[in-house]
Structure formats: structure tokens, C-alpha cells
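Scroll down for the structure; my scribbles are underneath it.
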Amino acid sequence: VQLQASGGGLVQAGVSLRLSCAASGLTFIRYALGWFRQAPGKELEFVAAIRWSGGSTKYADSVKGRFTISRDVDKNTVYLQMNGLKPEDTAVYYCAAEPWVTAQAMGYSSFRYWGQGTLVTVSS
């Protein structure tokens, strides 16, 4: 399994940014793909997840209404559209994958496959 995240950068507060995660090696129909983030000095935090089959989504309260997760089934890629970025969104963002059934059962707290992180820095 390979998960390749990209799209991070340094932006000003209020602007938008889109992260991408190219995935391979999965039986996609069984999986959920998600985004997590880790801010400096803080624990890893769930951000959003999408079920590959059907596209149902789940968001952390902290990003609801600002972030949108989506997938392109032809490109095997998951996106995280981040609008209205705030300085508190500054973090390393990680793409991850987990079978949908266990992702739900475990409250999106533990994913088995991880990509490398991409740094998002939001300046005030």
C-alpha cells in the first residue's frame, strides 16, 4: 500500500488550499481514506474520512463547514479542500487508509496505512 500526500505550503489566514493523496495497492471498495493532522507539540488529530464506496464522509467538529474531503475514483486520489484557513490549522497533514468497517467501529481513531506528511503553515 502506498499513500502519497502533497499540496501543503505556507499560506495566509483566510485563503484556501487543497491537499491530494494518491493511493495504490488497496482494494478500494473495502476502504475508507482519511486525513489526520499533527500540530507542533500536540497529538495526532482526526480531520476527515471518506468511504471509497459510496463516498460517505465524516468530519472533525473543528473543520466542519470549512474542509471538504472528496475522492476521484478514476485517479485513486483523495482530496482535502481546506477553505477559510486559520493559524490553528497549522500542522503536518497525513493521509491514511483503513477498512471502512473498522474505521467506523474504532471511531476513526486508528488507521493501519499511512503516507508521509505534508506541512501546512497558516500565517496570521
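Is it the case that PRO87 is more than 14 Å from the chain's Cα centre (by Cα), closer than 22 Å to THR121 by Cβ and not aliphatic (A, V, I, L, M)? Walk me through how you get there before you give the answer.
Working: more than 14 Å from the chain's Cα centre (by Cα): yes; closer than 22 Å to THR121 by Cβ: yes; not aliphatic (A, V, I, L, M): yes.
So PRO87 fits the description; yes.
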Within the range 77-94, can one find any residue that is more than 19 Å from GLY117 (Cα to Cα), of a type in the set (Ser, Thr, Tyr) and touching a residue at least 40 places away in the same chain (Cβ under 8 Å)?
no
Which residue is surrounded by the fewest Cβ atoms within 10 Å (Cβ to Cβ), if the candidates are limited to the range 75-124 and must be within 19 Å of LYS58 (Cβ to Cβ) and of a type in the set (D, E, K, R)?
ARG112
In the range 34-58, what residues are open to solvent by less than 10 Å² (accessible area, probe 1.4 Å) and over 14 Å from SER110 (Cβ atoms)?
TRP35, VAL47, ALA48, ILE50
How many residues does the range 23-33 hold that are closer than 13 Å to ALA103 by Cα, open to solvent by less than 80 Å² (accessible area, probe 1.4 Å) and more than 13 Å from the chain's Cα centre (by Cα)?
1
Considering residues that are part of a loop (DSSP other than H, G, I, E, B) and polar (S, T, N, Q), the number found within the range 83-124 is 6
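The values are calculated or read from the model by the stated rules, or taken from the named source; none is laboratory data. Quick caveat, the model's predicted, so the values are computed rather than measured. Reconstructed Cβ throughout: ideal geometry from the backbone, glycine too, with neighbour counts over all protein chains shown. To get the accessible areas, we keep the full protein, side chains included, count just its heavy atoms, and leave off ligands, DNA and RNA. Shrake-Rupley method; radii C 1.70, N 1.55, O 1.52, S 1.80 Å.
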